[in-house]
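A quick write-up on the structure given underneath.
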């Protein structure tokens, strides 16, 4: 693609050294720049891409997208107000707007995004259509295919647009369901994407190290709904504290559908019950009721299923097809995943106060009267520190015993993170509270703490198979560690 064609619709301030060169790719990392790339000088939290422009040129970049002129280079420079926001415009144009021809559904919220996207994918496939998925675990072209890696919950714009183009043209898939993070919306990584539908799960404290306030966090999430066009659909959890606010952000002409359990909603779950086998409830929609039996557990699973079913209704999929798909689902990797039966050991990604509370409440529902609920968890380093004491208080309130350990400490001292968690405890009775900074050792201790009738929740990392330390990243998988500890137990 010629440079003038690439920037035809771009809002730019100035053209410097303009030559109509051929552009064969987009890069924003000078080390991976290839011949013919336009290099985007991103200005981020930790680095300024303008400082690496010369290096990118030495690797083959033939043009730059800049916020200010880079001195001493002779390649064309397109000056814009924000490279961070306008990289999406470049990517969308370069890949010829792939989302225009796709039924693209975005799912956003603090918790539940991964599960809801997987459930929607299952429903669409049950409806005899292909559906790809993009999210935390990578991207996959069908519910039965392997994941391919992704660096973020929502990839940066060039990778995202390239993936969408591949999905549409090479794989011939016309449906894509995608997790959309607040960072991706704030940083415009999904700029250029034409969403046919948007789903809101819930909004609770997370990422305040980045967004600072809950209002900023809400505003970032709301962007997904504000950009919907007439004829699209919005699915909202009306029980959530922010449900009505999200509903008010949806433009006129967009089909709005709500779901819930407590408040009056378009799609409702009633008479919810839990057992070791899963959840069951009555689904109420349009003056009709449907019995639902799930292999998944916990009230959060009921909400996730409601989000998926409501999305199916919005897409015109028969509700019985949706129910058939969901009643065969046994869950998502690292989300309330059972890795041992006696004791019942559950691994979950819960890493926020609300997430931990939901998982522990769900686990309590299936804890035998003569059993204890044990929670092992930590908090991530270099992230919102204010949630640490809150998570400590929640764990102590809902579990009979807690083991506090490391999560991904990153550059922080693990002991300081643990101290922050302990600040939320009412007491540190050693009969109830155990502290072990080494996560592997902490999980090993469960062998001597948990009895056959107990329920153990190992929270925080879920599907992750690594641990990020100050000086390195190591292989570490909670599920593997737990299976080793309880090898020989009833699984």
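The values are calculated or read from the model by the stated rules, or taken from the named source; none is laboratory data. Only a predicted model underlies this, so the values are computations on that prediction, with no experimental measurement involved. A quick note on method: Cβ atoms are made from the backbone with ideal geometry, for glycine too, and the neighbour counts reach across all protein chains shown.
Results for (1) assigned to a strand (DSSP E or B); (2) buried (at least 16 other Cβ atoms within 10 Å of the Cβ); (3) outside the structural domain of residue 312 (by TED's automatic domain parsing), shown as yes or no for each residue.
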| position | (1), (2), (3) |
| --- | --- |
| 228 | no, yes, no |
| 240 | no, yes, no |
| 248 | no, no, no |
| 253 | no, no, no |
| 257 | yes, yes, no |
| 262 | no, no, no |
| 269 | yes, yes, no |
| 274 | yes, yes, no |
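Of the strands (runs of 3 or more DSSP E) lying entirely inside region 41-149, those containing at least 1 residues that are modelled with pLDDT of 95 or more are 63-66, 77-79, 103-108, 132-135. Looking at this structure, is residue 321 modelled with pLDDT of 95 or more, touching a helix residue (DSSP H, G or I) at 6+ places or on another chain (Cβ under 7 Å) and either closer than 30 Å to residue 420 by Cβ or assigned to a helix (DSSP H, G or I) (or both)? Considered against the rule, which asks whether it is modelled with pLDDT of 95 or more, touching a helix residue (DSSP H, G or I) at 6+ places or on another chain (Cβ under 7 Å) and either closer than 30 Å to residue 420 by Cβ or assigned to a helix (DSSP H, G or I) (or both), residue 321 comes out as yes. Within the set 474, 458, the sole residue that is at pLDDT 95 or above, more than 25 Å from residue 390 (Cβ to Cβ) and part of a strand (DSSP E or B) turns out to be 474.
State yes or no: is residue 360 modelled with pLDDT of 95 or more, within 23 Å of the chain's Cα centre (by Cα) and assigned by TED's automatic domain parsing to the domain that holds residue 403? It is true that residue 360 is modelled with pLDDT of 95 or more, within 23 Å of the chain's Cα centre (by Cα) and assigned by TED's automatic domain parsing to the domain that holds residue 403.
All of 372, 397 fail the test of being over 21 Å from residue 445 (Cβ atoms) and modelled with pLDDT of 95 or more, apart from 397.
The residues on offer are 424, 392, and the sole one that is modelled with pLDDT of 95 or more and assigned to a loop (DSSP other than H, G, I, E, B) is 424. Among the residues of region 372-415, those that are touching a strand residue (DSSP E or B) at 6+ places or on another chain (Cβ under 7 Å) and surrounded by fewer than 18 Cβ atoms within 10 Å (Cβ to Cβ) comprise 372, 400, 410. Is there a residue in region 100-116 that is closer than 27 Å to residue 23 by Cα and touching a helix residue (DSSP H, G or I) at 6+ places or on another chain (Cβ under 9 Å)? Yes, there is a match, as at least one residue in region 100-116 is closer than 27 Å to residue 23 by Cα and touching a helix residue (DSSP H, G or I) at 6+ places or on another chain (Cβ under 9 Å). Is it true that some residue in region 400-409 is in contact with a helix residue (DSSP H, G or I) (Cβ under 9 Å, 6 or more places away or on another chain), in a helix (DSSP H, G or I), at pLDDT 95 or above and under 30 Å from residue 471 (Cβ atoms)? No.
Considering region 1-17, and only residues there that are part of a loop (DSSP other than H, G, I, E, B) and touching a helix residue (DSSP H, G or I) at 6+ places or on another chain (Cβ under 9 Å), the residue that is nearest to residue 36 (Cα to Cα) turns out to be 1.
Is at least one residue of region 418-428 touching a residue at least 12 places away in the same chain (Cβ under 8 Å), in contact with a strand residue (DSSP E or B) (Cβ under 6 Å, 6 or more places away or on another chain) and outside the structural domain of residue 301 (by TED's automatic domain parsing)? Yes, region 418-428 has at least one match. All but one of (1) over 19 Å from residue 311 (Cβ atoms); (2) in contact with a strand residue (DSSP E or B) (Cβ under 6 Å, 6 or more places away or on another chain) hold for residue 166, so report the exception by its number. Of the numbered conditions (1) over 19 Å from residue 311 (Cβ atoms); (2) in contact with a strand residue (DSSP E or B) (Cβ under 6 Å, 6 or more places away or on another chain), the odd one out for residue 166 is (2).
Comparison of 213, 258, 310 shows that the only residue that is within 25 Å of the chain's Cα centre (by Cα) and without any contact (Cβ under 8 Å) to a residue 12 or more places away in the chain is 213. When residue 346 is tested against (1) under 26 Å from residue 271 (Cβ atoms); (2) in the same structural domain as residue 117 (by TED's automatic domain parsing); (3) touching a strand residue (DSSP E or B) at 6+ places or on another chain (Cβ under 8 Å), exactly one condition is not met: (2). Out of all the residues in region 417-427, is one or more more than 28 Å from the chain's Cα centre (by Cα) and within 21 Å of residue 383 (Cβ to Cβ)? Yes, that holds for at least one residue.
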